[in-house]
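Q: A single structure is presented below for examination.
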Amino acid sequence: MTSPPEPGAGDGGRERRAVLLMAYGGPETLDDVEPFLLDVRGGRPTSAELVEEVRGRYAAIGGRSPLLAITRAQAAALQAVLNDRHSNDEGSHAVDWRVFVGMRHWHPYVRQAVAEIAAAGIRRGVALCLAPQYSRMSIGAYFQSLDAALAALPEDSRPQLARIPSWGDRPRFLDAVAETLEAAFERHAAERRAAPHVIFTAHSLPRRIVAAGDPYDDQLRATAAAVAERAAARLGHPFAWTFCYQSAGAGAVDWLGPSLEDEIPRLSRAGHQDLLVCPVGFVADHVEILYDLDIEARRLAARAGARLERTESLNTSSTFIAALGEVVLRLP
């Protein structure tokens, strides 16, 4: 008679480990917009005007955020990569990876995903935010949600999840972004258009984080420079590029800059009428890509006499999923 598997063991006695993929979240319907904003704002009511403005943005991109569907597809692809490529040569144990999805501000919440991991009897794993660069205001907030979720569980069922604070400097990730730039340059060449001026972007945060020693700005600029170097090597020539911030919030706050809204007309006045945005701070299509860039930034560029395009989002690109696999398996 065989012994029952130990807690956390999968089929054939293989040890099961979890990956918790965390993303921001987004409304699944237009009716979800107001409660979603309530969650984002920590329970503070949102003005009717702002609710309608945000609802209009989601209506313009199809009536919902595609982020959850994309994150689940990323999770499924990552699980396949981990279970296919991992040598399982850790002592005498084979490893069966399972990937779970938790959202910071919408369903399924981080707490729901952590409860799923515990209910599955998995006791070890990795927590990975789908944002490559670290800030206490972003990644730090995800880890706070994780701490709260773990604290809500009985102590004997809490999984031990190693945390990966940032991974924007990992070579395979940089390769994945460089691939998107190469493809965009090839489209320009096929259309016999001049090489575009590249604008690397990321979500803006309040400028006060820099004075507090937050590494976000430094990490983003390092990512942009490394991607530019890799893309230039792939193309066989250098190209002009700029780094700036997009999607700053409302309110009387000094945000990290320069802003995309300022850079577009500035570059156009300087003679750069063909602009290519490469969002190095984002890894999936969502409202800040599909609306802020594809609709709002394009309109601004047209008014400034320029043409603006963007690179394809990483989503489930095979190189990107391989990069996530390496991040999980090669903890620092």
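Q: Which value in nm describes the separation of the simple spin-label points at Leu153 and Asp31, placed 7 Å from the Cα toward the beta carbon?
A: It works out to 3.3 nm between the two label points.
Q: In addition: Relative contact order, percent, of the chain when contacts are C-alpha pairs under 8 Å separated by at least 6 residues?
A: The value is 21 percent.
Q: Still on this structure, please answer the following. As I understand it, the dipole of the chain uses +1 on the Cβ of Lys and Arg and -1 on the Cβ of Asp and Glu, about the Cα centre. Which of Trp106, Ala240, Leu30 lies farthest toward its positive end?
A: Sorting the options by dipole projection puts first Ala240.
Q: Give the angle, between 0 and 90 degrees and rounded to the nearest 10, that separates the Cα long axis of helix 48-60 from the longest principal axis of the Cα atoms of the chain.
A: Helix 48-60 and the main axis of the chain meet at about 90 degrees.
Q: Using just the C-alpha positions of the range 219-320 as equal point scatterers, what log10 of I(q)/I(0) does the Debye formula give at each q in 0.10, 0.20, 0.23 1/Å?
A: -0.30, -1.20, -1.47
Q: Moving on to the next point. Under a no-solvent Debye model with one identical scatterer per Cα of the chain, what's log10 I(q)/I(0) at q = 0.09, 0.13 Å⁻¹?
A: Values, matching the q order: -0.51, -1.03.
Q: Could I ask something else about it? Spelling out what I want: for every residue of the range 144-154, take phi, set θ = phi - 60°, compute 6.51 cos²θ - 1.76 cosθ + 1.60 (Karplus), and round to whole Hz; glycine and proline get x.
A: Karplus-based 3J(HN,Hα) across the range 144-154 equals 5, 4, 5, 4, 5, 5, 5, 5, 6, 8, x Hz.
Q: Follow-up. May I ask what percent, to the nearest 5, of DSSP beta bridges between residues of the range 171-314 are antiparallel? Show your work: numbers first, answer last.
A: Numbers: 1 of 17 bridges.
Antiparallel bridges make up about 5 percent of those DSSP assigns within the range 171-314.
Q: Add +1 for every Lys or Arg and -1 for every Asp or Glu among the other residues with Cβ under 10 Å from the Cβ of Ile122, and state the total. Walk me through the numbers on the way to the answer.
A: Details: positive: Arg16, Arg17, Arg98, Arg123, Arg124; negative: Glu15, Asp96, Glu116.
Neighbourhood net charge equals +2.
Q: Given a Förster distance of 22 angstrom, what is the FRET efficiency for Asp84 paired with Ala120, based on the Cβ-Cβ distance and rounded to 0.05?
A: Values: r = 21 Å, r/R0 = 0.94.
With a Förster radius of 22 Å, E is 0.60.
Q: In deg cm²/dmol, rounded to 500, what helix-only [θ] at 222 nm does the chain give when every DSSP H run of at least 4 residues adds -39500 (n - 2.57) and the total is split over its residues? Kindly include the intermediate steps, with their values, before the conclusion.
A: Details: 12 runs with 139 residues, N = 332.
Taking each H run of at least 4 residues, the total per residue is -13000 deg cm²/dmol.
Q: Continuing with this model, one more query. Can you give me the angle between helix 318-329 and the longest principal axis of the chain, using Cα atoms only, in degrees from 0 to 90, rounded to the nearest 10?
A: 50 degrees
Q: Let me know the charge dipole size of the chain about its Cα centre in debye, to the nearest 20, where only the beta-carbon of Lys, Arg (+1) and Asp, Glu (-1) is charged.
A: Numbers: 36 positive and 42 negative charges, 67 e Å.
With only Lys, Arg, Asp and Glu charged at Cβ, the dipole is about 320 debye.
Q: A follow-up question, please. Check Glu309: other-chain or 5+ apart residues with amide H under 5 Å from its amide H, H built from backbone geometry?
A: Those qualifying (amide H under 5 Å, at least 5 residues apart or on another chain) are Leu275, Leu276, Val277.
Q: Antiparallel DSSP bridges in the chain: what percent, to the nearest 5? Walk me through the numbers on the way to the answer.
A: Numbers: 3 of 39 bridges.
Just about 10 percent of them are antiparallel.
Q: Rounding to the nearest 20 debye, state how big the charge dipole of the range 171-314 is about its Cα centre with +1 on each Lys and Arg Cβ and -1 on each Asp and Glu Cβ.
A: On the way: 16 positive and 21 negative charges, 84 e Å.
The dipole magnitude comes to about 400 debye.
Q: Taking the mean number of other Cβ atoms within 10 Å as a proxy for protection, how do you rank 187-195, 15-23 from highest to lowest? Provide the component values of the computation, followed by the final result.
A: Details: 187-195: 11.0, 15-23: 24.1.
In descending order of packing, they fall as 15-23, 187-195.
Q: Oh, and also: What FRET efficiency comes out for Ala48 versus Ala94 if R0 is 51 angstrom and r is the Cβ-Cβ distance? Round to the nearest 0.05.
A: Details: r = 56 Å, r/R0 = 1.09.
So the FRET efficiency works out to roughly 0.35.
Q: Right, something else. Under a point-charge model restricted to the Cβ atoms of Lys and Arg (+1) and Asp and Glu (-1), what is the dipole moment magnitude of the range 107-231 relative to its Cα centre, in debye to the nearest 20? Intermediate values should be presented prior to the final figure.
A: Working: 15 positive and 14 negative charges, 26 e Å.
It works out to roughly 120 debye.
Q: Between the range 269-332 and the range 62-86, how many Å separate their Cα centres?
A: The distance from the Cα centre of the range 269-332 to that of the range 62-86 comes to 18 Å.
Bear in mind that the values in this text are calculations on the coordinates, not laboratory data. Note that the structure is predicted; figures quoted are calculated from it, not measured. Note: ideal-geometry Cβ built from the backbone for every residue, glycine included; neighbour counts use all protein chains shown.
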